[in-house]
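Novice: Attaching a single structure in structure tokens format; questions to follow.
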Amino acid sequence: MNFAIIGASGNVGRKTIEILENSKIPFKELYLVASKKSAGKKIKFRGREIVIENLDSYDFSKAQITFFAAGSQIAKEWAPKAAKKSIVIDNSSYFR
């Protein structure tokens with residue numbers, strides 16, 4: 001199974017990465033996604049560096065589960081698109 005974190009470079013995204021790092025949840029790939037401002041930066045995860053991808057061009061079908069850790073406006077725009085191709089878990093308050 002593959003996971004994606006939208007908003008990976010923000011505080012909530014980094015905390016989500018930390019929780020996954022310390023978990024025993026098995027998964028094949030972790031995709032880190034953020035704004036174009038953060039795209040190209042690298043974050044260490046389980047002994048390797050993962051390059052942050054640009055949200056504008058990210059393919060949501062790459063991950064079976066997508067965590068949104070980027071706030072309500074991002075969730076409003078992108079979560080419905082992601083939900084067509086992935087299971088979405090949204091950490092914002094938009095859908096409450």
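Novice: Please work out if residue 14 is in contact with an Asp or Glu (Cβ under 8 Å, 6 or more places away or on another chain) and open to solvent by 60 Å² or more (accessible area, probe 1.4 Å).
Specialist: no
Novice: I would also like to ask the following. Find the residue count for region 18-75, including only residues that are among the hydroxyl-bearing types (Ser, Thr, Tyr) and touching a strand residue (DSSP E or B) at 6+ places or on another chain (Cβ under 6 Å).
Specialist: Residues meeting the conditions: 3.
Novice: Every residue in region 51-87 that is closer than 19 Å to residue 21 by Cα, of a type in the set (A, V, I, L, M) and surrounded by fewer than 21 Cβ atoms within 10 Å (Cβ to Cβ), please.
Specialist: 51, 65
Novice: When region 31-50 is examined, which residues are found to be in contact with a helix residue (DSSP H, G or I) (Cβ under 7 Å, 6 or more places away or on another chain) and open to solvent by less than 30 Å² (accessible area, probe 1.4 Å)?
Specialist: 33, 34, 43, 45
The values are calculated or read from the model by the stated rules, or taken from the named source; none is laboratory data. Everything quoted here is computed from the prediction, not taken from an experiment. Using ideal geometry, Cβ is built from the backbone for each residue, glycine included, and neighbour counts are taken over all protein chains shown. To get the accessible areas, we keep the full protein, side chains included, count just its heavy atoms, and leave off ligands, DNA and RNA. Shrake-Rupley method; radii C 1.70, N 1.55, O 1.52, S 1.80 Å.
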